[in-house]
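Only one structure is covered here, and it is reproduced in the block below.
The values are calculated or read from the model by the stated rules, or taken from the named source; none is laboratory data. From a predicted model like this one, the values you see are computed outputs, not experimental measurements. Virtual Cβ from ideal backbone geometry, glycine too; neighbours counted across all protein chains shown.
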Amino acid sequence: MRASFGEIGTTLMTSGVSDAMLGDVEFETEIGKILGRYLEADFSDMEYPEDIEANLKAISGETEDRIVATYKTCKGKVLIITEWDRSATTLLFPQEY
């Protein structure tokens with residue numbers, strides 16, 4: 001099921017993700033791809049179906065929750081979080097949460 005994502009606000013990344021991208025073309029490419037997947041509501045890397053369902057409800061406006069997704073990369077998992085008010089979306093490593 002694909003959802004219409006709508007606004008995601010300002011896109012940000014932590015210094016950890018930014019630093020990991022420096023000089024690493026593979027990781028930089030992966031970041032672009034996972035952000036694209038996120039915008040398409042492709043949460044297929046996520047472990048728990050209930051987390052995917054919560055994201056889809058937030059996207060549809062059924063709830064006013066943050067949208068939180070995890071993606072596998074060559075540098076480990078990366079989280080993408082869109083705030084409940086859709087003011088900002090941040091990419092970060094789990095240990096930076």
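Look at the stretch 4-24: where a residue is within 17 Å of Lys77 (Cβ to Cβ) and a partner is surrounded by 15 or more Cβ atoms within 10 Å (Cβ to Cβ) and among the basic types (Lys, Arg), sitting 6+ places away or on another chain with Cβ atoms under 8 Å, you get Ala20/Lys75; Asp24/Lys75. Of everything listed in (1) surrounded by 16 or more Cβ atoms within 10 Å (Cβ to Cβ); (2) within 17 Å of Phe93 (Cβ to Cβ), the single unmet condition for Gly76 is (1). Remark: pairs (first residue in the stretch 73-85, at pLDDT 95 or above; second residue surrounded by fewer than 16 Cβ atoms within 10 Å (Cβ to Cβ) and of a type in the set (Gly, Ala, Ser); Cβ separation under 8 Å; 6+ apart in sequence or on different chains) = Thr82/Gly9; Thr82/Ala88; Glu83/Gly9.
The set of residues from the stretch 33-54 being in a helix (DSSP H, G or I) and surrounded by 11 or more Cβ atoms within 10 Å (Cβ to Cβ) comprises Lys33, Ile34, Leu35, Arg37, Tyr38, Leu39, Asp51, Ile52, Glu53, Ala54. Give the stretch 55-97 a look and list any residue that's hydroxyl-bearing (Ser, Thr, Tyr), in contact with a strand residue (DSSP E or B) (Cβ under 8 Å, 6 or more places away or on another chain) and not in a loop (DSSP other than H, G, I, E, B), or say none. Of everything in the stretch 55-97, those that are hydroxyl-bearing (Ser, Thr, Tyr), in contact with a strand residue (DSSP E or B) (Cβ under 8 Å, 6 or more places away or on another chain) and not in a loop (DSSP other than H, G, I, E, B) turn out to be Thr70, Tyr71, Thr82, Thr89, Thr90. Which of the residues that make up the stretch 1-32 are among the aliphatic types (A, V, I, L, M) and either in a loop (DSSP other than H, G, I, E, B) or loosely packed, with under 13 Cβ neighbours inside 10 Å (or both)? Hits for the stretch 1-32 are Met1, Ala3, Ile8, Leu22, Val25.
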